[in-house]
Structures are given as C-alpha cells and as structure tokens.
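Everything below concerns the one structure shown next.
What follows draws every value from the coordinates through simple rules; no lab data is involved. Source: prediction; values computed, not measured. All Cβ positions, glycine included, derive from the backbone under ideal geometry; neighbour counts span all protein chains shown.
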Amino acid sequence: LIFDEVVTGFRVSKGGAQEYFGITPDMTTMAKILGGGLPGGAVAGKSDIINMIEERPGDADYNRNRRIAHNGTFNANPLSAAAGIKALELVATTPINDTADARALQLKRGLNDLLGRMEIPGCATGITSLMFLQLGVDHECDNEYCVLTPEQRAQANNGERNLQLNLALMNEGVASGTRFILTAAHSEEDIDFTIDAFEKALGQVRNQGLL
C-alpha cells in the first residue's frame, strides 16, 4: 500500500492522512510542507523496503547490481533541508494545523450558508484544511465527504461555468475556483472577503444562465 501524501502530509494531521485515518502504508511519498516552500520531497516506508537503497560497505556486487538507486536533483540540498526542518518544527510545536483547519471550516460554513441564501444547488465539503465546492448538483452531503454519481460529477465539473466563475472571482480579487487549500496565513478577514467575492461572482454566473 502506497500513500501519496504530497498534499496531505503534515496537513490533514501532524502525521498526515495515514494518522488521520488510522492506516499504516508500506510506503509514503511527501513534499510541499516537507520542503518548507522550497523544492524537495521524501519517500518513507517500512525498513525492509527503504533499506533497499542503502549501500552495503564491502559488498560491491550488491551495491553495483542489486541495490536500488535513488537519484534526485535536490537530494541532500542543504537549503531545502534547512527550510524543511523549520517547517516540520512549526508543525510539531505550534497550533498551525488547527488554525488552518479553523479557516477552512469558516469558509465551508460561509459558502454553504451562501448557497442556501442564494438558492443555488451544491455544497462545500472537505476535511481539515482541504475544501471543495460542488456546484449545480442537488444531493445528500454531510459537508465532509461528498459522493457523486458520474452524472452529478459531470454536472459539477461544467467547464464553462467553472471558467466564468474563476474569471468573476479574479475580478473580485480572489484567485481561486472550486478547490481550496487553506493555511494558517489566512485570516478571518480573508475568509469573509472570499465569501463576499463568491456572492458577487455566483450572481454573475447565474445571470449568464450557467446556474
């Protein structure tokens, strides 16, 4: 079992999605937060797998013919390593995850309230600091996990509507769409501004007959 934790690692919880869901994978890929904003990533896993990249002193045949090579442009890059150490230190010692989660919950509740007031079918869903907006579909949703049929998925992914929504949001000062990754750098005022921008943008999209 391999977990792709490039986005979810150290975000969904301090231990990533595997800690959040209580699943231990055989291997995990990580990046983004791990690199502290600089290029970098890591592969982690069970020792019997990861040890296959380790050189064995004195065993030339193994090192040359059987060891799994691990090449990378940014392997052991000191700047990326220093930024990553600091980022992980912040994750481990500050409430940075809780702050990002709170901003995502504020946005999710605000957008769901907005959709209700504007009588627009859809919902904002997501867990922790990850959030998604499904528009144009009327369906059961618990605001965490949203399961759509293929037909509903096609409705929610209407390309023209999403394009016009993105353009309208940018004109209101929000560079976003229907997917959100919140951070501790976002303030409550940022979220309020975003919800106001969505109200104006959704109104414009509806006036175009796309909602």
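Listed values for segment 86-96 are Karplus-derived 3J(HN,Hα) couplings in whole Hz (6.51 cos²θ - 1.76 cosθ + 1.60, θ = phi - 60°), namely 5, 4, 5, 5, 5, 4, 6, 10, 10, x, 4, and x replaces Gly and Pro. Along segment 124-132 the Karplus relation, 6.51 cos²θ - 1.76 cosθ + 1.60 evaluated at θ = phi - 60°, assigns HN-Hα couplings of 9, 10, x, 10, 6, 9, 9, 9, 9 Hz to successive residues, with x for each Gly and Pro.
Give the range of the longest stretch in the chain that excludes all GluC sites (Glu not before Pro) found in loop regions by DSSP and having at most 13 other beta-carbon atoms within 10 Å. Spell out each step's value before the answer.
On the way: sites that count: E54, E55, E119, E140, E144.
In the chain, the maximal stretch lacking such sites is 145-211.
Size descriptors for segment 96-207 (Cα atoms only): Rg and Dmax, in that order, 13.3, 40 Å. In loop segments of segment 1-91 as defined by DSSP, the chymotrypsin sites (Phe, Trp or Tyr not before Pro) with at most 13 further C-beta atoms inside 10 Å of their C-beta are F74. Sorting D138, D196, D48 by the number of Cβ atoms found within 10 Å of their own Cβ, with the fewest placed first, yields D48, D138, D196. The string of couplings for segment 60-67 from the Karplus curve (6.51, -1.76, 1.60, θ = phi - 60°) is 4, 5, 5, 4, 8, 10, 10, 5 Hz, one whole number per residue in order, with x for Gly and Pro. Scanning residues 5 or more positions from V12 or on other chains, those with amide H under 5 Å from its amide H are A17, with H placed 1.01 Å from N in the peptide plane. Rounded to the nearest 10 degrees, the angle from helix 159-171 to the longest Cα principal axis of the chain is 90 degrees. Relative to the longest principal axis of the chain, what angle (0 to 90°, nearest 10) does the C-alpha long axis of helix 188-207 take? It works out to around 60 degrees. Note on K108: lysines with a C-alpha under 23 Å away, same-chain residues under 8 apart excluded, are K14, K200.
The value obtained for the chain, namely the Cα convex hull volume divided by the number of residues, is 165 Å³ per residue. Built from the Cα atoms of segment 2-93, the convex hull projects on average onto 6.8 nm², one quarter of its surface area.
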